[in-house]
1. Within the stretch 83-91, does at least one residue satisfy the condition of being crowded, with 17+ Cβ neighbours inside 10 Å, assigned to a helix (DSSP H, G or I), small (Gly, Ala, Ser) and in contact (Cβ under 8 Å) with a residue 12 or more places away in the chain?
2. Take the conditions within 19 Å of THR69 (Cα to Cα) and in contact (Cβ under 8 Å) with a residue 40 or more places away in the chain and apply them to GLU114. Does it pass?
3. Give the stretch 67-106 a look and list any residue that's touching a Leu at 6+ places or on another chain (Cβ under 7 Å), of a type in the set (Ser, Thr, Tyr) and within 11 Å of PHE53 (Cβ to Cβ), or say none.
4. Looking at (1) closer than 14 Å to ILE130 by Cα; (2) part of a helix (DSSP H, G or I), can you tell me which one PHE68 breaks?
5. Restricting the stretch 57-113 to residues that are charged (D, E, K, R), out of contact with any Phe, Trp or Tyr (no Cβ under 9 Å at 6 or more places or on another chain) and within 21 Å of GLU147 (Cα to Cα), which is modelled with the lowest pLDDT?
6. Against the definition (without any contact (Cβ under 8 Å) to a residue 12 or more places away in the chain and more than 14 Å from the chain's Cα centre (by Cα)), how does HIS76 come out, yes or no?
7. Just give me the residues in the stretch 142-176 being in a loop (DSSP other than H, G, I, E, B) and either modelled with pLDDT under 95 or over 24 Å from LEU31 (Cβ atoms) (or both), in sequence order.
8. If a residue must be surrounded by 19 or more Cβ atoms within 10 Å (Cβ to Cβ) and on the phi > 0 side of the Ramachandran plot, how many such residues does the stretch 105-142 contain?
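The values are calculated or read from the model by the stated rules, or taken from the named source; none is laboratory data. Bear in mind the structure is a predicted one, so any value in this text is a computation, not a measurement. Ideal geometry is used to build each Cβ from the backbone, glycine not excepted, and the neighbour counts take in all protein chains shown.
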Amino acid sequence: MSELANPHRTRTVTWQDPLLTAKRGMTMSGLEFLQAMVRGELPPPPIMALLGFTILDLADVEPGRVVFTAEPAEYHYNPIGMVHGGLACTLCDSAMGCAIHSTLPAGVGYTTLEVKVNFLRPLTQATGVIRCEGKVIQVGRTVGAAEARITDARGKLYAHATTTCLILAPTNTASE
């Protein structure tokens, strides 16, 4: 029992109102919206602060391609001593969705319809910084498809994924 008597750890997460950011984002193309976040003109969404991932550079956002980075940490662990698969799944879902978003005009949104993730090896805090690159496969009028890969600094593959997203019709914000 004494092994389990380790001191508690804490982590504080702060964020800004995501609905204000989303409302402003509807006035920009998906690419402009993502670039504004990277430049710090718009705050990142709460999920990025919660899980500790980011887009490092404007070069990581281009039409049809978005790259996130994260460093697996103890707070990502599951009860069996490795990073929970939810981190990889969320990174892939985010990178793929944002890759699709980067191709959409102002006022058009998207939502994930399905995600398929293949986990190839475990992530731990010893893995170091990981990179998740999302790339568009196809974006149509109503559906978009994308793929993602999670690699470490040496290029070793940890997971790969695919998604299908529903493209949401432009919204009329004038009456809101």
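1. Yes.
2. On the way: within 19 Å of THR69 (Cα to Cα): no; in contact (Cβ under 8 Å) with a residue 40 or more places away in the chain: yes.
It is false that GLU114 is within 19 Å of THR69 (Cα to Cα) and in contact (Cβ under 8 Å) with a residue 40 or more places away in the chain.
3. Within the stretch 67-106, the first condition is being touching a Leu at 6+ places or on another chain (Cβ under 7 Å), and the residues that meet it are 68-70, 72, 76, 82-83, 87-88, 90, 98, 101-102.
Cutting the leftovers down to of a type in the set (Ser, Thr, Tyr) gives us 69, 90, 102.
Answer for the stretch 67-106, where residues must be touching a Leu at 6+ places or on another chain (Cβ under 7 Å), of a type in the set (Ser, Thr, Tyr) and within 11 Å of PHE53 (Cβ to Cβ): THR69, THR90.
4. Against the list (1) closer than 14 Å to ILE130 by Cα; (2) part of a helix (DSSP H, G or I), PHE68 comes up short only on (2).
5. ASP57
6. Criteria not met by HIS76.
7. Answer for the stretch 142-176, where residues must be in a loop (DSSP other than H, G, I, E, B) and either modelled with pLDDT under 95 or over 24 Å from LEU31 (Cβ atoms) (or both): ASP152, ALA153, ARG154, GLY155, LYS156, ALA169, PRO170, THR171, ASN172, GLU176.
8. 0
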